[in-house]
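Shown next, in structure tokens, is the structure this report addresses.
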Amino acid sequence: MTRYLYLTRHGEASPDGHGLTAAGRRQAALLGERLRDVPFTAVHHSPVGRAAETARLIGEHLPGVPLHACEAAGDYVPYVPTREELSPEHADRLLDFVHQFPDHEQGAALARQALDLFTGPAAEGTAHELVVTHNFLVGWLVRAALDAPEWRWLGVNHCNAALTVIRYAPDRPSSVLLFNDMAHLPAELRWTGFPPELRV
């Protein structure tokens with residue numbers, strides 16, 4: 001009854017944000033190669049083009065594993081904090097950031113749905129599931145796994161085609177086994193999606 005949830009952000013996006021660059025396609029293929037021996041039951045992916053393309057390229061290395069487009073795996077703000085939840089020195093910047101994105105009510109509903117669909121122990125046996133998504137949802141699910149405050153998805157950032165794995169078992173708290181792991185990517189394909197000051 002243990003669930004292993006594999007999370008990845010789509011590969012590097014083209015300038016219009018719909019598809020992938022050549023580097024993004026290579027990132028997706030390399031991640032697929034890394035994951036080819038995992039006994040996945042399903043791959044869930046955002047319906048947004050860059051994530052759908054990433055999922056398709058990963059899926060080429062996972063024969064027989066079904067791909068499912070899922071709105072809950074989409075690109076949205078999962079939670080909008082109140083000013084009172086934030087430290088005064090960061091509140092203005094963080095609130096300005098989240099308020100540049102629309103449809104907060106829909107995002108909150110999808111974030112609740114994502115928790116219902118993707119987290120917690122499996123119904124039976126051992127499940128391995130992959131979600132190909134966007135930066136915000138990875139942050140939201142990692143935050144939830146660590147029982148951090150809801151606003152703390154902010155600042156949890158994920159590189160393109162990096163890998164995060166969360167384990168959910170019935171007899172213990174959820175645990176983050178890997179976060180933002182880029183071991184499958186060569187140096188020139190790492191840290192895409194991050195501004196220079198966040199690259200280490």
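Annotations
- Here the helices (runs of 4 or more DSSP H) wholly within the range 87-200 that include at least 2 residues being among the polar types (S, T, N, Q) are 104-118.
- Scan of the range 6-42 for residues that are outside any loop (DSSP other than H, G, I, E, B) and crowded, with 23+ Cβ neighbours inside 10 Å, ordered by number: Leu7, Thr8, Arg9, Ala13, Leu20, Gly24, Gln27, Ala28, Leu31
- With respect to the stated conditions, Asp37 fails to be more than 18 Å from the chain's Cα centre (by Cα), under 24 Å from Leu189 (Cβ atoms) and modelled with pLDDT under 95.
- Condition check for His158: surrounded by fewer than 19 Cβ atoms within 10 Å (Cβ to Cβ) and within 23 Å of Arg36 (Cβ to Cβ): no
The values are calculated or read from the model by the stated rules, or taken from the named source; none is laboratory data. None of these values were measured; they are calculated from a predicted model. We place every Cβ from the backbone using ideal geometry, glycine too, and count neighbours over all the protein chains shown.
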